[in-house]
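Here is the structure we will look at, set down as structure tokens.
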Amino acid sequence: MSKYTSKYLEDKLKEKLDATYVHVTDESDGCGGKFSAVIVSKAFEGKALLQKHRLVNTTLAEELKEIHAFSQKSYTPAEWEKVQQQ
Amino acid sequence: MNKISQILLRPSLANNFATTMRTMPALATFPRWYSADAAAPPAALDKETLDKLVRTNKVVVFMKGNPQAPRCGFSNAVVQIMRMHGVQYDAHDVLQNESLRQGIKEYTDWPTIPQVFINGEFVGGCDIMMQMHQSGDLIEELKKVGITSELLKAEEAKDSTKK
């Protein structure tokens, strides 16, 4: 059980990463232990995959202590455009 | 091995160690992927030890459970990706060793398990392996360390029959 909700995580990611699009899905049936996120931000530009994920992990370091399953797809605005075209 | 893979791949059995053991008793004594370090001393693993551990093979995976019986969906996903690419790797079960579990997280400064190393270098967890698998980057990374992905071989075989 964690105190976090999709809304809380979305707001935090939007603010801290200056994200243009964030969608967090609660996959824990409400217990708050498992989330998946799609994040689009300019902050990811010029970063390798691992660095993007690290940035998100660092941003949510406090939350991830309680959320035991967190999966992310992190895109730059350009990558996101390509993904949506597929 | 094929038969084992097929059985393991059945969704109903994929995460069910107990059922797998009932249907394939031979697996219980199948030692191939088990880590020699599974019973390492309880003291917290230091950087030096982990430096060695991540280099015992070209590909090293730290996971929950073992490749025959992953005990977490994310670890299972990594196992399945490795299987598809036909990669031989060393797997270490962090559930068998709490000091390994904590040690590896601190070593990589990465909060979750599984963790995949190629040539001693931390590549990522489940999400990253999935994305690299889908983008084809994994084939390239494996090639760099002299591993030819089975998916690449299959692709080439298809091309040569076309010609």
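Every number here is computed from the coordinates shown, using simple stated rules; none is lab data. Owing to the predicted nature of the structure, the values given are computational and were not obtained by experimental measurement. Virtual Cβ from ideal backbone geometry, glycine too; neighbours counted across all protein chains shown.
Descriptive notes on the structure:
- A cut-off under 15 angstrom between Cβ atoms defines the neighbours of A:Gln86, and their net charge, with Lys, Arg +1 and Asp, Glu -1, is 0.
- Cα-Cα over 19 Å, subset of A:Lys42/A:Lys73; A:Lys52/A:Lys73; A:Lys16/A:Lys73; A:Lys12/A:Lys34: none
- Each of B:Asp93, B:Asp51 was scored by other Cβ atoms within 10 Å of its Cβ. Listed from fewest to most, they are B:Asp51, B:Asp93.
- By the count of other C-beta atoms within 10 Å, a proxy for reagent exposure, A:Lys7, A:Lys14, A:Lys52 are ordered fewest to most as A:Lys7, A:Lys14, A:Lys52.
- DSSP beta bridges in region B:31-162 [antiparallel fraction, %, rounded to 5]: 70
- Of the GluC sites (Glu not before Pro) found in region A:1-44, those in coil by DSSP whose Cβ has at most 16 other Cβ atoms within 10 Å are A:Glu27.
- Cα centroid of region A:41-86 to Cα centroid of region B:65-138, whole Å: 19
- The trypsin sites (Lys or Arg not before Pro) of region B:61-136 that meet both conditions, a loop assignment by DSSP and at most 16 other Cβ atoms within 10 Å of the site Cβ, are B:Arg71.
- Bridges between two residues of chain A, per DSSP, are antiparallel at a rate of about 50%.
- Computed from Cα positions, the angle between helix A:6-17 and the longest principal axis of chain A comes to roughly 40 degrees.
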